[in-house]
Structures are given as structure tokens and as C-alpha cells.
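Just so it is clear, none of the values below were taken in a lab; they were calculated from the coordinates. Everything numeric here is computed off the predicted structure, so don't read it as measured data. Note that we place each Cβ from the backbone using ideal geometry, even for glycine, and neighbour counts take in every protein chain shown.
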Amino acid sequence: MTGSAGTAAATSRLPDLTGWFRRPPPRTPLARLPTPVERAPFLDGPDHQVFVKRDDRTSELYGGGKVRKLEYVLAEVPEGPCTSVGAIGSHHLLALGIFLHEMERNLYSWTFLQEPTSHAVRNLAALVSLQPLVWYVPRRIMLPLAAIDYRFLRRPPEPGAWIPAGASSPAGAFGFFAAACELAAQIDAGVLPAPRTVYVTAGTAGTAAGLVFGLAACRIATHVRLVSAVERPLFNRWIFASVLRRFVRFLRTLDPDPRVRDLTGPGALRALARRGVTWSIDHGQVGRGYARSTEAGLRVVADSARHGLALETTYTGKCAAALAQDVRGRGRFRPPPGPILFWNTHASTDVRRFIVQDWQERLPPALGRWVRRVGGPDLVE
Ligand SMILES: Cc1ncc(COP(=O)(O)O)c(C=O)c1O
């Protein structure tokens, strides 16, 4: 990675979103923004220069894209505990747990298993160290059982405010609308050229929805390549269109001014294209499924680590793998020649500092047994 230019210069040029919306959403400041943009020559292809948006540095406490979402999500829910859902290695649950812990609030988590990589088990160890209440089921499709348990059998002491998976409510997505405006200010300040293609990973797609609309609002004509971390039935163009439409309805409630009103009306999705923003989805990196690592992902994660960029195998590694194949002409998509922006949504924070000695004893018994069976304690070292 090569150094970031002009981060400080861009700070003063962050666009004032209140100018676009007469009722902007409330925000709880958690992130240190703007995040830097750096060159990543090791990802370049013959016709492409790659830049990286370092959202791994959104916060020293715990970075990553989730922090941007939580700024808006936590501002709209009442004080008190929050309830949410994710896999054992979920960055969303961990980020939520860490920031709620800072606020002396509780997390109630509905949690299911994923491939026991050291990264995932470490995240679980950090999560349970924060002492959330956990409703555990072995498989994602069994989550309705966790919901029944939570509602009727093991009810929490007080109800938690519901935060959807990945913090991808429309308010959460707004964090990435604002992020696109931050990027526009950095382009304006000469930190990077306007990217012709943006690579970002997608799971629940709140990140991508906010970004696509933010780029269009700021008139950054570009193609957004969404590299899916999940199987087709869980994310596809119909699901994305419905996430986008829900976000449009949310933008409308903010009372937009005429400069962005075309992005909030019934023809909003067509307005994206009129403003030069297009998108496509790549399922080519999913491999054996959500959170199952792939060879290409492992390779690019190792290569990125050698260049000072910490990725992981569930989301950002798969996204970088798609980019690396595409710029070498071996992928499913030919990005137009020119600058590419890889949006790194993964926190580079070392989560081991959150892990307490007796973390295993804080697991629900069935989850504890699984952790021991897969060699969890060694994976956390
Ligand atoms: C590191 C990382 N990047 C990207 C995503 C995907 O974001 P979204 O769910 O908004 O598509 C996640 C989701 O948990 C994540 O953990």
C-alpha cells in the first residue's frame, strides 16, 4: 500500500448533507472520518490502477464499514438493550456489541454457526467476552427457533430494540450514502481520481444500497461491482432492487431538496442510471457458500496482508479476489480501463484485546461443546 494523500485537506470539504435533506437522520458520532484512500499497486492490472478506501480505519475501538451504519442505526433506536442476529464470526454483532458495551448497554444476539476459521472463532471469543445474552442455534435456517426461544421461553429481562442483520436498515444504509459523499469530497480535493469502477462486497446489501445512491447524489458516474458473499437466493438483483426501493422510501421521509429529489421519487432506480451510476452482481466468488473460504480468497488475503492490508475470507477477501481476476482478464467482468476503487469494509482492529481469559465459560453450553470439538481455544491464540 502506498500512502494516503490529502486526508486532512478533505476533512474540511465533507459535504453538508443537511443542505440536501431538510430532515436529515439523527446520527450518533462513532467514526473518525474521513477514512484515508491509498493506492494498492499490488492489485493493479495492465489497464487499471487500484485505490483502496480504508474503512478498516473508521474507529480505533473497532473499525470497518459497520461503524458507519451504526452511527445512524443507534441514533434511531431507544436507549437500552438491542437485539440482533448473525453468525458466530459476525462483524456486525461484534461491532454492535463493542459500541453498546462502551455505552453500558446490553446486546442480545441470535447466533448460528459458520466455518470455524481462527478469524470467526476469535470474533466469537471477543463477542462473548462482552457478555451479551446469546440465543444459539446450530444452523441459519433454524433461526426461527431462536426467535421463539427469545419471545416465549427465555425472554430477556427487558425487550431489546431490533436491529436487522448486518445493520442494514435504511438508516444503516444512510451511513454509506454519507460515505459516498465523503468520497466525492476526496475526489474533489484530488486525493484520488474519480473511479470508473467501485468494488464492494454485499451480504445484506445495506452498504451497497447507500453507496449506489450516495454516488448518484454526488454525481460520481461509475459502475459498482457488487461481489456477493452469499448464495444467489439470499442476494440477487431482485433482492437488491427491493433494498434500493426501501432506501428510496426512507430518503423521501428526509424531505429532500430539489437537487436530489429525482433520487427519491417513483422513478428513482432509473434516475441512478441517468446520473451515470450502474451496478452488477458477481456470485462467482461465493464458492461452497457463505463464510466458506475459497482458494482465491485465501490467496488474496495472504497477498494483501503482505502489503499491509488486512482482509478476511468471508467478505473482503472474496471481493478482492474478484477484482484481482477481473483486472487480469480472467474474471467474469471486464472493468473499463482506468481507476478502480476497492472499498475495504473490514475492520483491521486486533480483537484479541477484548477477549477475557474465561471466554469459553461464557458460551451457551451447546456452543461451548462445538467450540471445543473444533479446537476453538487453539484457533483463538
Ligand atoms: C467485513 C464486511 N464487509 C461487508 C459486509 C457486507 O455488508 P452488507 O451486509 O451491508 O452487504 C459485512 C457484513 O457483515 C462485513 O462483515
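First select every other residue whose beta carbon is under 13 angstrom from the beta carbon of residue 143; then total the charges, Lys and Arg +1, Asp and Glu -1. Walk me through the numbers before you get to the answer.
Working: positive: 139, 140, 151; negative: 149.
Here the charged neighbours net out to +2.
Dipole magnitude of the chain about its Cα centre, charges +1 at Lys/Arg Cβ and -1 at Asp/Glu Cβ only, in debye to the nearest 20?
Working: 48 positive and 31 negative charges, 233 e Å.
Approximately 1120 debye in magnitude.
With just the Cα atoms defining each centre, how far is the range 316-345 from the range 244-271? Give it in Å.
29
Output wanted: per-residue J couplings in Hz (rounded whole) for the range 158-173, from phi through Karplus 6.51 cos²θ - 1.76 cosθ + 1.60, θ = phi - 60°, x for Gly and Pro.
9, x, x, 6, 6, 10, x, 3, x, 6, 8, 6, x, 5, x, 4
Arrange the peptides 139-150, 104-115 so that the one whose residues have, on average, the most other Cβ atoms within 10 Å appears first.
104-115, 139-150
Once the Cβ-Cβ distance between residue 1 and residue 155 is put in as r, and R0 is 56 Å, what FRET efficiency do you end up with, to the nearest 0.05?
Values: r = 48 Å, r/R0 = 0.86.
Once rounded, the FRET efficiency stands at 0.70.
Where a ≥ b ≥ c are the square roots of the eigenvalues of the C-alpha gyration tensor, would you call the range 1-153 rounded, which needs a/c under 1.5, or, failing that, prolate if a/b is larger than b/c, or oblate? Write down the numbers at each step before the final one.
On the way: a/c = 2.46, a/b = 1.47, b/c = 1.67.
Oblate shape, in that a/c is at least 1.5 and b/c is the bigger or equal ratio.
Using only the alpha-carbon atoms, how far is helix 66-76 inclined from the longest principal axis of the chain? Give it as 0 to 90 degrees, nearest 10.
Between the helix axis and the principal axis of the chain, the angle is about 80 degrees.
Cα gyration tensor of the range 183-254, axes a ≥ b ≥ c as square roots of the eigenvalues: rounded (a/c below 1.5), prolate (a/b > b/c) or oblate? Display every interim value, and only then the final one.
Details: a/c = 2.87, a/b = 1.41, b/c = 2.03.
Oblate, because a/c is 1.5 or more while a/b does not exceed b/c.
Which value, in Å to one decimal place, does the Kirkwood hydrodynamic radius take for the chain when every pair of different Cα atoms is included? Let's see the in-between values first.
On the way: mean 1/r = 0.0476 Å⁻¹.
About 21.0 Å for the chain.
Enter the angle in degrees (range 0 to 90, nearest 10) between the Cα long axis of helix 118-129 and the first principal axis of the Cα atoms of the chain, meaning the one along which they spread out most.
60
Using modelled backbone amide H atoms (1.01 Å from N, in-plane), which distant-in-sequence or interchain residues come within less than 5 Å of residue 87's amide H?
Excluding prolines and chain starts, which carry no amide H, the hits are 112.
Principal axes first, then extents: for the Cα atoms of the range 36-96, list largest minus smallest coordinate on each axis, whole Å, largest first.
If we take the Cα atoms of the range 36-96, the spans are 52, 24, 19 Å.
Please arrange 42, 176 by how many other C-beta atoms lie within 10 Å of their C-beta, fewest to most.
On the way: 42 16, 176 31.
Ascending number of Cβ neighbours within 10 Å: 42, 176.
Relative to the first principal axis of the alpha-carbon coordinates of the chain, what is the inclination of helix 237-253, with its axis defined by its Cα atoms, in degrees from 0 to 90 and to the nearest 10?
With both axes taken from Cα atoms, the answer is about 80 degrees.
Once you list every other residue whose beta carbon is under 14 Å from the beta carbon of residue 68, what net charge do they have if Lys and Arg are +1 and Asp and Glu are -1?
Values: positive: 27, 32, 53, 54, 57, 66, 69; negative: 55, 56, 71, 182.
Cβ neighbours under 14 Å give a net charge of +3.
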